[in-house]
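S.K.: The structure's right below; bear with me while I get my questions together.
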Amino acid sequence: MAVALALALTVFAIGDDGGPLAPDERIETTPEEVIAEPPSSEPAYGVWDRLAMCESTLRWSANTGNGYFGGVQMDMVFWRRHGGLSFAARPDLAPRAAQIAVAQRGLAVQGWAAWPSCSRRLGLR
C-alpha cells in the first residue's frame, strides 16, 4: 500500500495599499522560491546568548575590571588556552562569533563548569 503526502503552502500577497491582491494579480510560486528573510551574517547561538545574558547582560564588549571579559566572561588564561589570541588581545575586544568559538573550545575541554553559576541557573549542568 503506497501512501502519498501532500504539502500545502499558503502565501498571502499584499498590495501597495496593504490589502490582499486580486486573484489575477497574484504571483504563482513554489515553496523553494519563498524566502522568509536573508540569512544573518552571524549564526544564532541560542545557548551562548542565554549564557551571555546571565554572565554580562548580553554585553559582548563587557570589561568591568573584575578580570573576566566579554559576553560569557572569560578570563585571560581561558582566552589564551583556547585560542582566543588568534582573534583579539582580550575577549571583550573580539566579535561575538569569535568569543563563542573560543567558548566552544573551552566547553569541549572543561564542560559547563567553566561557567559555574550561570550554567547551573540555566540548567546546563
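The numbers here are math on the coordinates, done by the rules we state, and not lab data. None of these values were measured; they are calculated from a predicted model. A quick note on method: Cβ atoms are made from the backbone with ideal geometry, for glycine too, and the neighbour counts reach across all protein chains shown.
S.K.: Filter the range 51-77 for residues that are among the aliphatic types (A, V, I, L, M) and buried (at least 21 other Cβ atoms within 10 Å of the Cβ); which is farthest from LEU93 (Cα to Cα)?
M.R.: Of the residues in the range 51-77, the ones among the aliphatic types (A, V, I, L, M) are 51-53, 58, 62, 72, 74, 76-77.
Applying the additional criterion that residues be buried (at least 21 other Cβ atoms within 10 Å of the Cβ) yields 51-52, 72, 74.
Values: LEU51: 18, ALA52: 15, VAL72: 13, MET74: 12 Å.
The extreme case among them is LEU51.
S.K.: ARG81 passes all but one of (1) more than 20 Å from the chain's Cα centre (by Cα); (2) crowded, with 16+ Cβ neighbours inside 10 Å; (3) under 18 Å from THR64 (Cβ atoms); which number fails?
M.R.: All conditions are met except number (3).
S.K.: Then there is this: Find the residue count for the range 86-117, including only residues that are closer than 16 Å to TRP60 by Cα and surrounded by fewer than 20 Cβ atoms within 10 Å (Cβ to Cβ). Give the steps one after another, and end with the answer.
M.R.: First pass over the range 86-117, keeping only residues closer than 16 Å to TRP60 by Cα: 87-104, 115.
Restricting the remaining residues to those that are surrounded by fewer than 20 Cβ atoms within 10 Å (Cβ to Cβ) gives 87-90, 93, 95-98, 101, 104.
Total meeting the criteria: 11.
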